[in-house]
1. If only Cα atoms are counted, what is the Rg of the range 401-494, and what is its Dmax, in Å?
2. What accessible area per residue comes out for the chain, rounded to a whole number of Å², with a 1.4 Å probe?
3. Just check the range 308-428 against the gyration tensor rule for me: Cα atoms, a ≥ b ≥ c as the square roots of the eigenvalues, rounded for a/c under 1.5, and otherwise prolate or oblate depending on whether a/b exceeds b/c.
4. Between Asp112 and His268, what FRET efficiency comes out of the Förster formula 1/(1 + (r/R0)^6) with R0 = 35 Å and r the beta carbon distance, rounded to 0.05?
5. Find the relative contact order for the range 60-196 and round it to a whole percent, using C-alpha pairs within less than 8 Å whose residues are 6+ positions apart.
6. Order the peptides 210-222, 343-355, 25-37 from the highest to the lowest mean number of other Cβ atoms within 10 Å of their residues.
7. Can you give the Rg/Rh ratio of the range 18-103, where Rg is from the C-alpha atoms and Rh is the Kirkwood radius?
8. Ordered by residue, what ³J(HN,Hα) values in Hz, to whole numbers, does the range 440-451 give under the Karplus form 6.51 cos²θ - 1.76 cosθ + 1.60, where θ = phi - 60° and Gly and Pro are x?
Amino acid sequence: MLAQVRSYTLFGLDAVPVTVEVDVSPGLPSYALVGLPDKAVEESRERVRAALKNSGFPYPQARVVVNLAPAELRKEGSQFDLPIALGLLAAQGVVPLEALSPFALAGELGLDGSLRPVPGAVNLALGALAEGKKLLLPLESAKEAALVEGVEVYGARSLQEAVAFLKGEEALAEARPEEAPEAVEALDLRDVKGQAKAKRALEIAAAGFHHLLMVGSPGSGKTMLARRLPFLLPPLSREEALEVTRIHSAAGKPVRRLVKAPPFRAPHHTVSYAGLIGGGAIPKPGEVSLAHRGVLFLDEFPEFSREALEALRQPLEDGVVTVARARASLTFPARFLLVAAMNPCPCGWHGDPERPCTCTPAAQRRYAARISGPLLDRFDLVVEVPRLTPEELARAPEGEGTEAVRERVLRARERMLARQGRPNGLLSGRALREHARLTPPAQALLQEAAKRMLLSARSYDRVLRVARTVADLLGEERVGEAHVAEALAYRRAL
């Protein structure tokens with residue numbers, strides 16, 4: 001007897017439909033699994049066999065063939081355990097075939113028949129919504145899938161519970177998102193003593209979505225500043241939150257609620273190319289995608305591999321990252337705000353007022369050369385963060401808190417969206433020229449500075465974007481000389 005069960009496999013961020021065909025026919029007992037499965041799918045045979053027997057269901061003593069269609073698409077993961085088990089039961093007449101047709105199924109089986117969560121439940125729900133299917137998942141995964149509105153999701157704790165539900169012997173309540181705890185308390189800018197220029201750069205970066213590089217000695221506060229940046233950014237809209245949640249779900253991250261706050265990712269400098277950009281046999285999102293709509297913080301910036309750093313250039317410009325493989329080329333969203341921090345030299349004390357630098361000029365040049373010119377050119381803001389002495393720290397005023405700065409950022413962002421529909425940091429070409437609105441003296445200052453500082457065309461545009469953001473923070477329609485002068489102050493050469 002033949003049974004067909006609907007399921008999905010994750011391919012990038014998309015849930016690709018997979019039909020699990022189970023055929024039980026007379027013959028010597030055997031089990032064949034076809035359809036390009038990976039090792040985890042192949043091992044489902046033993047999990048399914050033990051789960052059926054330990055749950056009190058028959059395992060067919062016959063010839064069993066399981067096909068995962070389409071055959072040319074590689075299948076990976078343990079989510080096919082539940083569809084295969086229910087397909088075997090349907091082929092033996094234990095579960096009615098018509099009861100399976102409205103549902104798409106996914107779930108990993110324990111040897112005792114319990115159901116374990118699977119990654120990518122949000123993406124599975126989007127796939128089911130597109131096909132007009134209901135979803136039957138492990139209970140924890142069902143709560144995650146229920147974050148997607150418009151799809152009917154049911155969660156079961158065990159194979160026995162799933163069978164009883166499909167046979168109409170037991171009712172399952174439609175899954176609802178889990179009540180998650182409140183968000184972490186915002187980190188306050190008041191905790192960072194002094195560093196007025198760095199705080200101002202942080203405010204400009206948050207308002208206009210400008211990439212920021214901080215250069216300073218160890219202990220100067222670069223990491224403290226970077227970790228406070230997400231709390232200055234506007235909250236995500238529901239569409240943006242669902243997009244970010246979908247990425248985290250596909251990467252296998254636990255998702256208990258929609259990710260409404262801009263994410264903050266801070267990978268270690270030993271992260272691999274695939275870990276940063278994305279990759280794998282079937283590519284998964286990397287850190288640049290997990291930071292989508294939020295902040296990617298790269299501390300010890302020159303210590304990252306040259307290959308990984310150069311790969312940042314495409315997502316910084318395009319807002320997406322493309323991972324090419326022999327079978328397919330996948331594109332992941334990667335519109336992140338890059339914040340990087342580095343020491344001024346290998347020992348870290350160049351220019352420090354108290355500790356002498358032990359690096360030779362050649363060592364300093366080699367250290368700075370680890371960051372290529374084209375990559376450095378993609379930072380709108382480069383700011384020095386000097387280490388303060390104990391006396392300076394004691395005298396430093398407290399400064400503004402996160403809430404006051406955030407209010408200015410939100411007002412400036414509203415002006416940008418009303419004027420051009422996007423932050424200034426994403427403007428380019430004709431749109432940038434149209435919305436910059438420089439006064440004649442500001443235009444003359446910028447052109448003179450471009451000649452003297454040997455600004456590239458890209459750097460010229462970046463100064464223009466930052467000047468436009470400075471004006472927006474002050475609520476001014478035209479970009480004046482003072483705005484351009486402040487923007488030029490952030491074009492420090494390494």
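1. Both quantities, over Cα of the range 401-494: 13.2, 39 Å.
2. Result: 43 Å² per residue.
3. oblate
4. About 0.35, to the nearest 0.05.
5. Once normalised by length, the contact order is 18 percent.
6. Ranked by mean Cβ neighbours within 10 Å, highest first: 210-222, 343-355, 25-37.
7. Dividing the radius of gyration by the Kirkwood radius yields 0.94.
8. Going residue by residue, I get x, x, 5, 4, 5, 5, 5, 5, 5, 5, 4, 5 Hz, with x marking Gly and Pro.
The values are calculated or read from the model by the stated rules, or taken from the named source; none is laboratory data. This is a predicted model, so every value here is computed, not measured. All Cβ positions, glycine included, derive from the backbone under ideal geometry; neighbour counts span all protein chains shown. When the accessible area is computed, the model is the full protein with side chains, heavy atoms only, and any ligands, DNA or RNA have been set aside. Shrake-Rupley method; radii C 1.70, N 1.55, O 1.52, S 1.80 Å.
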